[in-house]
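The values are calculated or read from the model by the stated rules, or taken from the named source; none is laboratory data. Because the structure is a prediction, the values reported are computed rather than measured. Glycine also receives a Cβ, built like all others from the backbone with ideal geometry; neighbour counts cover every protein chain displayed. What goes into the accessible areas is simple: the full protein's heavy atoms, side chains included, and nothing from ligands, DNA or RNA. Shrake-Rupley method; radii C 1.70, N 1.55, O 1.52, S 1.80 Å.
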Amino acid sequence: MECSLSLELTRKMASTSSSFLPSSFPPPNPHLRSGIVSLDGLHRPNLPKPISPMKSLLFSRFSSIRSRSIFCLKGQSDPMPVVSTSSLEPEVRTGMWNWQGYRIRYQYAGKSGPALVLVHGFGANSDHWQKNISVLAKSHSVYAIDLIGFGYSDKPNSRKPGMNSIYTFETWASQLNEFCADVVKDVPFFICNSIGGVVGLQAAVMEPQLCKGIVLLNISLRMLHIKKQPWYARPFVKSFQSLLRNTAVGKLFYNAVATPDSVRSILCQCYYDTSTVTDELVQIILQPGLDPGAADVFLDFICYSDGPLPEELLPIVKCPVLIAWGDKDPWEPVELGKNYADFNTVEDFIILPNVGHCPQDEAPNLVNPLIESFVKRHSS
């Protein structure tokens, strides 16, 4: 959610000078060719013309078919332990892992089956997988981690003298790989949302032997990456980022964003079904953001315009990849995301109709079966 949220916030800042307000299934058909397949069963071989990254800056149930096709799928206090609501679902427990001297919070459930590691997006945490962990844990060993700087994990100050920036994809990828080795103790599948997708891809590139496969849910396109900014926008973006990070404006801005009303407003932008934006969800996102250091993490990351891009990682990742995308995502347009279906490692690109940026929470009835099917396919 890095480029999506920060791009949305950038637009709002640019347009508002007096306010800081902020962003049974059908069987597989072996005769299908690559293309877009919808539920009417008609094959549409031609992809819609993608929107260019420059233009997007200015305007801002499933199939086991293994060809690279595009389908339309219908249908800082310690946290309190999370428990499942159904006696039929495994209990979800909370743990703390010491990583390089920092406390990292994670949740886990299930005692058998393939291992899954769930990786959240920008500004979120492992609670964002509350509708997935216990369901998937019926037949999997499931772990969900709070990346350093987010959720209830430590939030070290990267601006201390002698401290290099630690809120990068390389750092989070290293954290993820070491978590797999130290805690999971198995070769898992990565299930990732938004910037968590870039983290998962980077981790799999760095340590290919530690990942069996990746499910990407609305992966961040990173539209504020320096390589994707038109030349005429770069000075403005750089100046805006400097203003936020190096002046009091940034803290004022964050204080305005870190309120229940603002968080609800942002969530209602990226969730298509706004009835799923509950008071509980608002608190899941907001509460860790009130911890000391959370503002600095937020400001550091929305000023992060380099590092890897998905299109740079997808060609070199060694494991199979499934991409699912909510087609009502206002921040990461599905028309741009469809381009990722062309990479050899991407076996399926599945469109989730009437779903926004966080499908795992907004449409778990669609996402959970997709994950189970993908994992079953690649667990042998």
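Have a look at K376, K338, K318 and point out the one that is open to solvent by 10 Å² or more (accessible area, probe 1.4 Å), outside any loop (DSSP other than H, G, I, E, B) and closer than 29 Å to G113 by Cβ. Before the answer, list the steps.
Numbers: K338 fails: closer than 29 Å to G113 by Cβ; K318 fails: outside any loop (DSSP other than H, G, I, E, B).
None of the others qualify; the one that does is K376.
Being polar (S, T, N, Q), over 18 Å from the mean Cα position of the chain (by Cα) and either at pLDDT 95 or above or closer than 13 Å to I145 by Cα (or both) is the filter here; which residues of region 176-235 pass it? Working first, answer last.
As a first pass, look at region 176-235 and keep what is polar (S, T, N, Q): 177, 193-194, 202, 209, 218, 220, 229.
With the extra rule that they be over 18 Å from the mean Cα position of the chain (by Cα), the set shrinks to 209, 229.
The one that is polar (S, T, N, Q), over 18 Å from the mean Cα position of the chain (by Cα) and either at pLDDT 95 or above or closer than 13 Å to I145 by Cα (or both): Q209.
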inquiry  = Report every pair of residues separated by at least 6 positions or lying on different chains whose Cβ atoms are under 6 Å apart, first residue within region 156-172 and closer than 15 Å to L299 by Cα, second at pLDDT below 90 and open to solvent by 60 Å² or more (accessible area, probe 1.4 Å).
reply    = S158/S165
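When you go through F190, F253 one by one, which is the residue that is outside any loop (DSSP other than H, G, I, E, B), aromatic (F, W, Y) and touching a strand residue (DSSP E or B) at 6+ places or on another chain (Cβ under 7 Å)? Before you say what the answer is, go through the steps one by one.
Numbers: F253 fails: touching a strand residue (DSSP E or B) at 6+ places or on another chain (Cβ under 7 Å).
Only one candidate passes the filter, namely F190.
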request  = Can you work out which of the residues in region 89-130 that are at pLDDT 95 or above and of a type in the set (S, T, Y) is surrounded by the fewest Cβ atoms within 10 Å (Cβ to Cβ)?
outcome  = Y102
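Here are D306, D261, D327: which of them is more than 24 Å from S153 (Cβ to Cβ) and under 18 Å from the mean Cα position of the chain (by Cα)?
Details: D306 fails: more than 24 Å from S153 (Cβ to Cβ); D261 fails: under 18 Å from the mean Cα position of the chain (by Cα).
After ruling out the rest, the residue left standing is D327.
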query = Picking from P369, P292, which residue would you name as being assigned to a helix (DSSP H, G or I), open to solvent by 20 Å² or more (accessible area, probe 1.4 Å) and either at negative phi or among the basic types (K, R) (or both)?
reply = P369
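Could you grab me the full set of residues in region 187-239 that are aromatic (F, W, Y) and surrounded by 24 or more Cβ atoms within 10 Å (Cβ to Cβ)?
First, the residues of region 187-239 that are aromatic (F, W, Y): 189-190, 231-232, 236.
Once the filter is applied, which keeps residues that are aromatic (F, W, Y) and surrounded by 24 or more Cβ atoms within 10 Å (Cβ to Cβ), region 187-239 yields F189, F190.
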